[in-house]
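Here's the structure, in structure tokens; my notes come after.
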Amino acid sequence: MGTGSTPAEPAPLIEPFLSAPFDQWAYVVRRPGREDVLVVDPGFEADHLLDHLRSLRLRPAAILNTHGHCDHIAGNRALKEAFPEAPLVIGRNEARMLEDPSANLSALFGPPVSSPPADLLVDDGDRLDLAGVSLEVREIPGHSPGSVVFVATGERPPFVLGGDVLFAGSVGRVDFPGGDGGLLLSGIRSKLLDLPDETRVFPGHGPPTTIGQERRRNPYVGEGSTLGRLD
């Protein structure tokens, strides 16, 4: 005879949207049965995101930026105009990049990009409970001065919305202003590789991966890594 306990909620869906010209992934995170969602790093082709949200009658509970480079924030303005009540969230040490085309690198690559200012600044260790998902903020600088990742440790399997910190078989580049290879590698080892092997990582570029895969095989931070420094 059952105990009458409530079944576990269905795992969130993590839907990727690819944006040119940098092949950057934005994500919509939603728990089945809910209308509120998380939009992560809306890029240059925000129309695809907006069409998807409108077609399913979804509304962002928040717009999350992992960092302030232009390919990850270019869609912020369109999302905020469509859903002004959705707070724009970014790490405290990235906030100035939103409105500064030189700092967000758009001035180097083409037309300048300027985002609305953040509604909420987050710090390492903060927790966000939005759209039925609980996320821990972990700051991992090195690719940019204050990159953050959003970690859902309570899900099965856990997952990371990782921006440009850790990739499948690689790590974020560090040759942009504010880059620091030592900080990036140490941050990945101490704040990501401590997660369970089955933890899924959804990066800003390239295919998804798992913490176990990167712990075993990543040439920069994995076991027996042969490329232990970034210049």
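The values are calculated or read from the model by the stated rules, or taken from the named source; none is laboratory data. Owing to the predicted nature of the structure, the values given are computational and were not obtained by experimental measurement. All Cβ positions, even for glycine, are placed from backbone atoms using ideal geometry, and neighbour counts span all protein chains on display.
The table for this structure:
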| quantity | calculated |
| --- | --- |
| Candidates Leu128, Leu161, filtered to the one that is in contact with a Phe, Trp or Tyr (Cβ under 6 Å, 6 or more places away or on another chain) and in contact (Cβ under 8 Å) with a residue 60 or more places away in the chain | Leu161 |
| Condition check for Gly222: touching a residue at least 24 places away in the same chain (Cβ under 8 Å) and either farther than 13 Å from His143 by Cβ or in contact with a Ser or Thr (Cβ under 6 Å, 6 or more places away or on another chain) (or both) | no |
| Neighbours by Cβ (under 6 Å, 6+ apart or cross-chain): first from segment 35-57, closer than 20 Å to Glu85 by Cβ; second aromatic (Phe, Trp, Tyr) and crowded, with 16+ Cβ neighbours inside 10 Å | Val40/Tyr27; Leu49/Phe17 |
| Residue within segment 166-177 that is in a strand (DSSP E or B), surrounded by 18 or more Cβ atoms within 10 Å (Cβ to Cβ) and in contact with a strand residue (DSSP E or B) (Cβ under 9 Å, 6 or more places away or on another chain) present | yes |
| Sole exception among (1) assigned to a helix (DSSP H, G or I); (2) out of contact with any His (no Cβ under 9 Å at 6 or more places or on another chain) for Met97, by number | (2) |
| Any hit, segment 27-44, residues being under 26 Å from Leu121 (Cα atoms), of a type in the set (Asp, Glu) and not in a loop (DSSP other than H, G, I, E, B) | yes |
| Filtered residues of segment 147-165 (kept if surrounded by 24 or more Cβ atoms within 10 Å (Cβ to Cβ) and outside any strand (DSSP E or B)) | Ser147, Asp164, Val165 |
| Considering residues of segment 115-146 that are closer than 19 Å to Ala26 by Cβ and of a type in the set (S, T, N, Q) only, the residue surrounded by the fewest Cβ atoms within 10 Å (Cβ to Cβ) | Ser115 |
| Condition check for Val39: modelled with pLDDT of 95 or more, within 24 Å of Arg189 (Cα to Cα) and within 14 Å of the chain's Cα centre (by Cα) | no |
| Residue selected from segment 63-88 under the condition touching a Phe, Trp or Tyr at 6+ places or on another chain (Cβ under 9 Å) and part of a strand (DSSP E or B), by the criterion farthest from Pro177 (Cα to Cα) | Ile63 |
| Which numbered condition Asn93 fails, given (1) under 15 Å from Ile63 (Cβ atoms); (2) buried (at least 18 other Cβ atoms within 10 Å of the Cβ) | (1) |
| Leading residue by the ranking (surrounded by the fewest Cβ atoms within 10 Å (Cβ to Cβ)) among those in segment 18-69 that are touching a helix residue (DSSP H, G or I) at 6+ places or on another chain (Cβ under 8 Å) and among the aromatic types (Phe, Trp, Tyr) | Phe22 |
| Filtered residues of segment 183-231 (kept if of a type in the set (Gly, Ala, Ser) and at pLDDT 95 or above) | Ser186, Gly187, Ser190, Gly204, Gly206, Gly212 |
